[in-house]
Each structure stands twice: as structure tokens, then as C-alpha cells.
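Asker: Dropping a structure here in C-alpha cells format, bear with me for questions.
The values are calculated or read from the model by the stated rules, or taken from the named source; none is laboratory data. Just so it is clear, the model here is predicted, and its values are computed rather than measured. Note that we place each Cβ from the backbone using ideal geometry, even for glycine, and neighbour counts take in every protein chain shown. For the accessible areas, the whole protein counts, side chains as well, though only heavy atoms, and no ligand, DNA or RNA atoms are used. Shrake-Rupley method; radii C 1.70, N 1.55, O 1.52, S 1.80 Å.
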Amino acid sequence: MHQVNNCFIKVKKDCLKFITSQETKRDKFRNKDKMIKSFLIPVSFWIAKRANKKKPLMIGLAGGQGSGKTTISSILTLILQKYFKLKVFKVSIDDFYKTRKDRKLLSKNKHPLLMTRGVPGTHDVDLMLKFFKKVKSKSFKNLTVPKFNKSIDDRYNKSLWYKLKSKPDLIIFEGWCVGARAQTSKQLKKSINLLEKVYDKDTKWRTYVNNQLKKKYKVLFKQLDGLLYLKAKNFNLLKKWRLKQERKLWVQTKNKKNLKIMSNGEVINFMQTYQRITQQMFEDAIKISSIIMNLNSNHQIQTIKFKK
């Protein structure tokens, strides 16, 4: 407990500063001290204990859309850097989305729904595997890592990509489908929402996505040394949080032109593409995760479970 208190004193100011930067007048974080002290500092100790200076520790962080992955991973990064003096590189699976041009091609060749970024099959897995291989290499050199701009639905210009100048001790790899597993053919047959019913009657889209999870993504997720999972109570809560997220994006970028900010209806449609895998992860992720953070209806971490 003494160590936790000590850590909290050292990191509190930086963590609160970051949290404040994420708030809007309408959306405020509650119980900030408790979130940091009771939950995120113990998780940081768990991670730091497993870090090995010889090779980067690969930690996945998963959770449904709007569950708070970016916020949680950013605070963990702050704590691990400030208190534990670890070199941390935080990256999202979203940064490895295929370009709009590539997705356009994919939508023509495979299925129109693949134009919509998000599901397995819309990321450049080869690029991610290459990144993991290079970052673990003994002869590590400068690395440039893609950065995706959701407000234009395409990658940033290469001059704005992440630049890794030294080998990190830890990589936090976050994303809504990180660690997701494939479903059975029987599970795929039944439509679970209107989008699947209308636009994927023949199950071609969901079968393609599922096959991606069976093959390339399975290889990708095997690279991870541990998985943290933010578990929401249900999919409807995630919808509510995702709408809040889009609202926040609009507030932060309202003076910029040509941005692809979604309306409420578009967000709901967009989330239907995520629903099948997200709901399956409610069952699968709790079995395979090292740490499960259970979220309450107010978007706060309520309990935490360390599994191994």
C-alpha cells in the first residue's frame, strides 16, 4: 500500500492534467483519484513487474467502442513512464487501418461493407506483424509507425507518423478487437442486427471478417504477452458512450473543414458493424485476459480482476 501511495503522489498531477484535457463542459470524469489509485496504479505495478529491458513487453488493451481504451492506455503510459521510468510506446490497432483507397478496392473485390473501417480485414495486418518483428529486433533502428486520422477517415501524411527513435521497454497495443476470436459457422448464420439482415443476407461479409480472425489476426494476437480488457455491461451502454465520443470529437474539431464527423444515426449504423465481434468478446475476452476491468453504467471502473 505504501508503494501505491508513493506512486500516486508522484503521478497525480500529470494524470489529472491529462484527464482534464479529455473533458468537455458537458462530459466530465468522476472519481478521478479512485480510478488512478485503486485501479490504474495496481495495473501499472502488474505491467512493470513483467517488463524486461532486453526485449519489449507487448501488452494488449481491448474493450468495446467508447469504453475508454485511449484514456486508460494514456494514463497507464503516464504512470509507467513517470514512476517506473519505462520507455513506453502506445499505439492503436486503428492506426493500422488500410487507406481509403485500399478499402475502396477491398469493397469492390470482396464486399461493399468493407469500405467501412473497423472490422478485421480493414487493417493492414502485414504492416502490424512487420512492426512487431522490427521492434523486437536486436538490431533495432529508427521506426516510423502509421497514424490514422479518423476525422478524415484516412491515414495522416507520412510526415506526421509516429517516430520511434529507441527500442521501447513496453508496447501498449490497444483496440476494440484486440484478442478477438473467430466464431463457428453455425454462429455466423443468424443475423444479429438490421445491418446484417439487409446488407449481408448471404453472410459473405461476416464470413470474410471471421476468416480474417481465424488466420492473420490469430497470428497477430499471439504476439501479445498479456491482455487487459475493459468490460462494459452490455452493447447498449457502448452505443451511448460511442455517441458521447463522437460528440467530443465534434467539439474538439468544430472549426475545421472537411472532417468526417458522424451523425447519431451514422454512429448507430457504424456500431452495427462492430456488434457481432464485440458481443462475442464479452464471453471470450474474459477467459483469455490477464486483467479484467469491469465498467459500471457511469463509465467508471467498478471492479478489477487479476487472473495471472
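Asker: Among the residues of the stretch 37-62 satisfying the criterion of being among the charged types (D, E, K, R) and in a helix (DSSP H, G or I), which is most open to solvent (accessible area, probe 1.4 Å)?
Answerer: Restricting attention to the stretch 37-62, the residues satisfying the condition of being among the charged types (D, E, K, R) are 37, 49-50, 53-55.
When the remaining residues are screened for being in a helix (DSSP H, G or I), the result is 37, 49-50.
Details: K37: 64, K49: 168, R50: 90 Å².
So the residue we want is K49.
Asker: Another question about this same structure. Taking the stretch 151-167 on its own, how many of its residues are among the aliphatic types (A, V, I, L, M), closer than 21 Å to V88 by Cα and loosely packed, with under 14 Cβ neighbours inside 10 Å? Steps first, please.
Answerer: Here is the first cut: in the stretch 151-167, the residues among the aliphatic types (A, V, I, L, M) are 152, 160, 164.
Now restrict to residues that are closer than 21 Å to V88 by Cα: 160, 164.
From the residues that got through so far, the ones that are loosely packed, with under 14 Cβ neighbours inside 10 Å too are 160.
Qualifying residue count, the stretch 151-167: 1.
Asker: State which residue pairs qualify: first residue polar (S, T, N, Q) and inside the stretch 122-142, second residue open to solvent by 80 Å² or more (accessible area, probe 1.4 Å) in any location, beta carbons under 9 Å apart, and separation of 6 or more residues or different chains.
Answerer: So the pair list comes out as N142/K163; N142/K165.
Asker: Is it the case that the stretch 76-83 has a residue that's touching a strand residue (DSSP E or B) at 6+ places or on another chain (Cβ under 9 Å), charged (D, E, K, R), in a helix (DSSP H, G or I) and open to solvent by 10 Å² or more (accessible area, probe 1.4 Å)?
Answerer: No; the residues of the stretch 76-83 include none that is touching a strand residue (DSSP E or B) at 6+ places or on another chain (Cβ under 9 Å), charged (D, E, K, R), in a helix (DSSP H, G or I) and open to solvent by 10 Å² or more (accessible area, probe 1.4 Å).
Asker: Right, next: For the condition open to solvent by 70 Å² or more (accessible area, probe 1.4 Å) and in a loop (DSSP other than H, G, I, E, B), what is the one hit in K197, K240, K233, K218?
Answerer: Working: K197 fails: in a loop (DSSP other than H, G, I, E, B); K240 fails: in a loop (DSSP other than H, G, I, E, B); K218 fails: in a loop (DSSP other than H, G, I, E, B).
Within the list K197, K240, K233, K218, the selection yields K233.
Asker: Right, here's the next one. Which ones in the stretch 94-129 are open to solvent by 10 Å² or more (accessible area, probe 1.4 Å) and not in a helix (DSSP H, G or I)?
Answerer: Listed by number, the residues that qualify are K98, T99, K110, H111, T116, R117, D124.
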